[in-house]
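See below for the structure under consideration.
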Amino acid sequence: MNIENKDNKISYKTSIITADALYEMVFERVLNKTYFFKIDKSGNTESFIEEVEIDGIKYRPLPPNYNLVEKKVILFPSLATPYGSEEELIKEIHTFIHKYLDISETFEHIATYYVVFTWLYDRFNEVPYLRTIGDFGTGKSRFLQSIGVLCYKPIFTGGATTPSPIFRIIDEIKGTLIIDEADFKFSDMTSDIIKILNCGYQKGTPVLRSEGKGTFEVKAYDAFSPKIIATRETFTDKALESRFLVEEMGIGTLRKDIPRTLDESFYQEAENIRNKLLMWRLKNYFKPIEHRTDIIEGIHPRLNQIVIPLFSIIKDEKTREKLKTFIIKYNGELVADRGLSRESDIAFAIFKFEYDTNKKEVTVGEIAKYVNDDIFDFEDRLTPRKIGWYLRSRMQLKPYKTRKGFVLDLELNRQKLNFWKERYGITDSDIKGEKVNDVKVVNDLDTEITLTNEIKFS
């Protein structure tokens, strides 16, 4: 991966960041040339730079015949071009995603903001990840293509790739990692990918690897970067699962207006947007960023944590409110998904029992009866023994043994019970069996964003 020429003190880079300037590589495929575009802290710009010298070292962009460039493993802008206003840029990204990808309306907006975020991710200490889950033929690859092609220096790889080059390419390129079919065939490969994902969401947490033959050397690789992946199943590591914003594919019928194949116009449209996003990065990189600490009432704390960087890149308050609406809706969808779990059935049964009986203790057998009353298939019913296992091992609740069996004290476990009530979105209306009116939320992007001055490259 490293093609540094130490004898001539030439190092090849895709970007250079100093205290006073930012250089970004572009690739003009028609001319088959690579250059740097530069902006300094004062807003002064230069374009089509072939070489720059910093502290006695000469830096050049990766050559056009470099394999990862030539084979389009990594995509670059070809220029930095004006984009009008930030609002217009966001709408153009959203229109592109909607044109080529069939996903939920909520996730269309989340993906739009995520694309913008990737172009400034290195100004933050944490990054969220995007993921799609689905079986073969459900559109996972299209998800990666249509979103990933717009991101900052997207690095496309697949499940057939061994983890070793992935460590090196993230460390060197520092772009957006796109992994298709991330359900790796061998457990050791999966383990390596999980290391990249677990260490790569937070700045300053490198992955350590022992390398070499005979004499082994420990090397540290920086895995910090945005990541978009596709899998057929969830990961067993629940802490890792909580770092993803997830869209499930293949649920409904494919929209009729979605192109079945992608031709050259797709890639040209994407390049035009990347060119505008490069301009956006250059204009905003040295500007102060208000690192938001918004607490969105009613959503899961982990979800709140991973979306804070998305709020921080958006300057306009109205636009942030729109994103907040999408996140609240997305949280509701997550709660609905969690509501299909055994733990949610048990939590609901406990609260339902308390409401019906007004008792402050419940036996494991009584919980089993309440759970099984709503299960029609005999084979799916839970035994008191299994309920007890869920209470202790999965829900951290503490039943104790009495003459009438194992009993759960509701008051002693109130704090944890309330946690599960919030986690699974169990409402008092659900417990009482009351009907509530549906509230329709209208989502749009009709917001006003302050116009900023354009940069002109000489």
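Among the residues in region 357-369, are any over 28 Å from Asn331 (Cβ atoms), loosely packed, with under 11 Cβ neighbours inside 10 Å, of a type outside the set (Gly, Ala, Ser) and at pLDDT below 90? Looking through region 357-369, none of the residues is over 28 Å from Asn331 (Cβ atoms), loosely packed, with under 11 Cβ neighbours inside 10 Å, of a type outside the set (Gly, Ala, Ser) and at pLDDT below 90. Each residue in region 41-79 was checked for being among the acidic types (Asp, Glu) and surrounded by fewer than 14 Cβ atoms within 10 Å (Cβ to Cβ), and 4 pass. Pick from region 9-21 the residues that are touching a residue at least 40 places away in the same chain (Cβ under 8 Å) and outside any loop (DSSP other than H, G, I, E, B): which of them is surrounded by the fewest Cβ atoms within 10 Å (Cβ to Cβ)? Taking the candidates together, the pick is Ile17. With closer than 17 Å to Ile179 by Cβ, at pLDDT 95 or above and among the β-branched types (Val, Ile, Thr) as the only criterion, which of Thr118, Thr132 stands out? So the residue among Thr118, Thr132 that is closer than 17 Å to Ile179 by Cβ, at pLDDT 95 or above and among the β-branched types (Val, Ile, Thr) is Thr118. None of Glu87, Glu24, Glu53 is assigned to a strand (DSSP E or B), over 30 Å from Thr253 (Cβ atoms), charged (D, E, K, R) and modelled with pLDDT under 95 except Glu53.
Selection over region 393-403 of residues that are surrounded by 10 or more Cβ atoms within 10 Å (Cβ to Cβ) and either within 18 Å of Tyr424 (Cβ to Cβ) or within 30 Å of the chain's Cα centre (by Cα) (or both) gives a count of 4.
Among the conditions (1) surrounded by fewer than 17 Cβ atoms within 10 Å (Cβ to Cβ); (2) in contact (Cβ under 8 Å) with a residue 24 or more places away in the chain; (3) assigned to a loop (DSSP other than H, G, I, E, B); (4) of a type outside the set (Lys, Arg), the only one that Gln305 does not satisfy is (3).
To keep it simple, each residue is scored yes or no on (1) over 25 Å from Tyr390 (Cβ atoms); (2) loosely packed, with under 11 Cβ neighbours inside 10 Å; (3) modelled with pLDDT of 50 or more.
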{"site": "Gly405", "(1), (2), (3)": "no, no, yes"}
{"site": "Leu408", "(1), (2), (3)": "no, no, yes"}
{"site": "Glu411", "(1), (2), (3)": "no, yes, yes"}
{"site": "Lys416", "(1), (2), (3)": "no, no, yes"}
{"site": "Val436", "(1), (2), (3)": "yes, yes, no"}
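Out of all the residues in region 257-271, is one or more modelled with pLDDT of 75 or more, outside any loop (DSSP other than H, G, I, E, B) and in contact with a His (Cβ under 9 Å, 6 or more places away or on another chain)? No: region 257-271 contains no residue that is modelled with pLDDT of 75 or more, outside any loop (DSSP other than H, G, I, E, B) and in contact with a His (Cβ under 9 Å, 6 or more places away or on another chain). Restricted to region 52-82, and to residues there that are free of Cβ contacts under 8 Å to residues at least 40 places away in the same chain and under 32 Å from the mean Cα position of the chain (by Cα), the residue that is farthest from Ser11 (Cα to Cα) is Lys71.
The values are calculated or read from the model by the stated rules, or taken from the named source; none is laboratory data. Just so you know, these numbers come straight off a predicted model, no measurement behind them. Please note: Cβ atoms are built from the backbone with ideal geometry, for glycine as well, and neighbour counts cover all protein chains shown.
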